[in-house]
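Read-outs: derived from the displayed coordinates by stated rules, not from any lab. Just so it is clear, the model here is predicted, and its values are computed rather than measured. Note that we place each Cβ from the backbone using ideal geometry, even for glycine, and neighbour counts take in every protein chain shown.
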Amino acid sequence: MDGHPYGYNIPISEKTKEVPWEEKVRIFEEIKSDFRFKEYLFGCLNCGVCTASCPSNRFFDFSPREIVQRFLEEDVEVIYDMMHEYIWACSQCFTCWIRCPFVNNPGGLVIIMREVAVRNAFEATKDLLKPYGRVLLKVMTTGNQLSADMLQPDFFPDWGPKMQDNMENLRAKRMAIPFDVGKAVKTAWEVSLETAIEMYTIWRETGIFEMLEKLDPNLYNVIMDIVEENEERWEELMEEEEE
Amino acid sequence: MGHGKSPYLRYPEKEPFPISNRNSHYDHLFEEMYELEEKGEILVFRITEEYKPVEVFTRTGRIKLIPTNKLWHHKSCGQCGNIPGYPASIFWFMNKLGLDYLNEPHQTSCTAWNYHGSGTSNPVALAAVWLRNMHQAWKTGYYPLIHCGTSFGSYKETREQLIFNKELRDAVKPILKKLGRLTEDGRIVIPQEIVHYSEWVHAVRFQIKELYEKEGKPKGIDVSNVRVAIHNACHTYKMIADDYPYDPEVYNGQRPAASTAVMKALGAQVVDYSTWYDCCGFGFRHILTEREFTRSFAIQRKLKVISEEVKADVLITHDTGCTTTFEKNQWIGKAHGMYHPIAVMSDVMFAALACGAHPFKIVQLYWNCSNYEPLLEKMGITNWKELRKEWEDTVKYIAELEKQGKYDELMEFFKEYDLYEPYSKTSDGFKRRKSATADMPLFKS
């Protein structure tokens, strides 16, 4: 079915049409089975206050009201179609949440959908997150999402000429930051090795590494090389301390 | 006045301002939290007198305790990596006010920026990261102060999920056990209140005002003519909306109080604008990979509006992403005839400048891409060019010493460095630590 009686005015994509109905139902049920789903969706007046105050709605074909309505209608086809690109327009500001008279959380529904899209390695998700790889590499290996050396002027020409100045003598400038653990260049602050090791355990135990492997095998390999190297360093240090 | 049997849920006898939401679901969290503590499942990291708590009100009128002393700094990766004067200003104030605190490397980011941007995590991992950091704070005896708005919002939400969902507690507990991050009797450590630094600034605003009178004004600094526009961060007051300060002196309790209240205490002119409610356009993933959206939203919905409606001298923020979005997305507006230059900085950075902090050594304005120079002039910091030169010379000197491998001299230099020493306190003392990255932060090994 191409048309929809109201609201969602994007034709169902070919890639959604090609997917067997059972698979779409499986994805729909996976979203609904998240324990947060029942805490994020209560009812809907169709008042549209969420969409009216949504920043992404101003620049993208994106409407939090649509997401709420499609879930209430149990519109499996549209929900599956939204999983490709639609959900990635959300800014995650949660203006919709604070404004909804029913206390629905459309931004929360989006984050569940994104997580399901990542876990099931949707092709569109892989493409969309490719440029995001540097952040993933940093956060998975160091426990920081951003560091001074990531803000290279070449990546941010739109941030203006002062960015060029910032990056000159970067190491010395970082040393001139007046608090001890803030002097790092490759991390936002100095993250102790034992802290990073604890974080790797969290990623392993919660399936995050597996999630990454399905999403981007090359990135996963790079991350695991660093993780294993750090774990070896840690074991050596422990052995040294024991001796 | 008590509210049920939980000691963590208190309301004043009289409503402090008109309250439109009297029946907050969030109240149950504090009742449930107490019950779980009574059952021995969790340990509540209580805000006792040693933390010198100050009472503020949330939008439902609930009394929230803000600890002001003996704080464990849960730093922000975006701030430390990109706006280092932000945390430096917080530490500077803590030194100036003679407060005890701990700033150490045994902390990860909350990882929630990544989660909101990419979806590559899950509630169990987020809860484990949060509880691991909270346990570290509890172990040291210092109360966690969350610098980042997204960490604050995410932690508030994660706490709610954890308290109300046994399945989440059951999933995270074995992981914490493996990490050695439960109490000796096997309980999860949960803080009584999750506290953002802007709440701390709000709580100590009158001490900041005193410092301004005592040290800022004698230097010729005067903020009374400065027009200040406020941007409240979405993740501080829209995420778990019933857990952020409101105050009768700020729009009669109908808008978030933090940041606005400290500006008013300093005597700056707070100006209102029509899109105060809008977000900044950061979008988590968008700031990096959908920058057309971020800059379009920031310019058209905020910077242009502030420039045309109120002609503010500075846009005051209280979060990492908003500060970055607004100060980095101005110059590009020139390409479309939409250049609306305005200084952008956080409340604590502005307050530090007002109280006489060095604009470059402490507030680190050098990293800022917005036009802060006219603001400094208007504040009366007219020698900013000399101060900037002083900082630039310092950087050159450091670079030269490092180039020559004179690490002992560098060490000596840092001992003399302005306000360096008090920042070095960590739970493992001053010894050299093993870093998670190959580069040692201070010196090459």
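Some values worked out for this structure:
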item: Column: log10 I(q)/I(0), Debye, Cα scatterers of the stretch B:222-385, q = 0.10, 0.17, 0.20 Å⁻¹; result: -0.35, -1.03, -1.39
item: Estimated distance in nm for a label pair at A:Glu229 and A:Lys130, the labels positioned 7 Å out from Cα along Cα-to-Cβ; result: 2.6 nm
item: Placed amide H near B:Val54: partners under 5 Å, 5+ positions off or other chain; result: B:Ile66, B:Thr68
item: Size of charge dipole - the protein assembly as shown - debye, nearest 20, with Cβ of Lys, Arg +1 and Asp, Glu -1, no other charges; result: 1840 debye
item: Cα long-axis angle, helix A:106-119 against chain A (0 to 90 degrees, to the nearest 10); result: 70 degrees
item: In Hz, Karplus ³J(HN,Hα) per residue of the stretch B:212-218 (6.51, -1.76, 1.60; θ = phi - 60°; x = Gly, Pro); result: 4, 5, 7, 10, x, 4, x
item: Residue order, fewest to most surrounding Cβ atoms within 10 angstrom, among A:Glu18, A:Glu73; result: A:Glu18, A:Glu73
item: Amide H within-cut-off set for B:Arg10, under 5 Å, with H built and near neighbours excluded; result: B:Ile63
item: Free-standing Cys residues across chain B, given no other cysteine C-beta under 4.7 angstrom; result: B:Cys77, B:Cys80, B:Cys110, B:Cys148, B:Cys355, B:Cys369
item: DSSP bridge pairs, the protein assembly as shown: antiparallel proportion in percent, nearest 5; result: 30 percent
item: Assigned charges on the beta-carbon of Lys, Arg, Asp, Glu; chain B dipole about Cα centre (debye); result: 640 debye
item: Top of B:Ile83, B:Ile398, B:Ile47 by mean-square fluctuation, Gaussian network on chain B, Cα under 10 Å; result: B:Ile398
item: Whole-Hz ³J(HN,Hα) from phi, Karplus 6.51 cos²θ - 1.76 cosθ + 1.60, for the stretch B:291-302, glycine and proline x; result: 5, 4, 5, 4, 5, 4, 5, 4, 6, 6, 8, 10
item: Cβ-based net charge around B:Thr320, under 14 Å, with every Lys or Arg adding one and every Asp or Glu removing one; result: -1
item: Mean ellipticity per residue at 222 nm, deg cm²/dmol - from DSSP H runs of n ≥ 4 across chain A, formula -39500 (n - 2.57); result: -16000 deg cm²/dmol
item: Cβ-based exposure ranking for B:Thr183, B:Thr325, in which fewest neighbours within 10 Å come first; result: B:Thr183, B:Thr325
item: At 0.890 mPa s and 25 °C, Stokes D of the stretch B:27-198 from Kirkwood alpha-carbon radius, µm² per second; result: 148 µm²/s
item: Ratio Rg/Rh [Cα only; Rh per Kirkwood] for the protein assembly as shown; result: 0.94
item: ³J(HN,Hα), Karplus 6.51/-1.76/1.60, whole Hz, each residue of the stretch A:216-226, x for Gly, Pro; result: 8, x, 5, 4, 4, 5, 4, 4, 5, 4, 5
item: Of B:Gln79, B:Gln254, B:Gln404, the one that fluctuates the most in a GNM where chain B has Cα springs shorter than 10 Å; result: B:Gln404
item: Members of B:Lys217/B:Lys311; A:Lys162/B:Lys219; A:Lys162/B:Lys385; A:Lys173/B:Lys396 lying beyond 18 Å, as alpha-carbon distances in this model show; result: B:Lys217/B:Lys311; A:Lys162/B:Lys219
item: Long pairs among B:Lys75/B:Lys328; B:Lys361/B:Lys403; A:Lys15/A:Lys186; B:Lys156/B:Lys361, criterion Cα-Cα beyond 30 Å; result: A:Lys15/A:Lys186; B:Lys156/B:Lys361
item: Among B:256-263, B:136-143, the order from most to least packed when residues are scored by Cβ within 10 Å on average; result: B:256-263, B:136-143
item: Rg to Rh, two decimals, where the stretch A:130-242 supplies the alpha carbon set and Rh follows Kirkwood; result: 1.03
item: Amide proton proximity set for B:Leu43, modelled H, under 5 Å, gap of 5+; result: B:Ile188, B:Val189, B:Ile190
item: Sorted by Cβ neighbour density within 10 Å, fewest at the top, the residues B:Trp276, A:Trp88; result: B:Trp276, A:Trp88
item: Magnitude of the charge dipole, the stretch A:1-147, Cβ model with Lys/Arg +1 and Asp/Glu -1, debye to 20; result: 740 debye
item: Farthest positive-ward along chain B dipole, Cα basis, beta-carbon charges - from B:Thr317, B:Pro191, B:Gly81; result: B:Gly81
item: Over the stretch A:14-120 - Rg/Rh using Cα atoms and the Kirkwood inverse-distance radius; result: 0.94
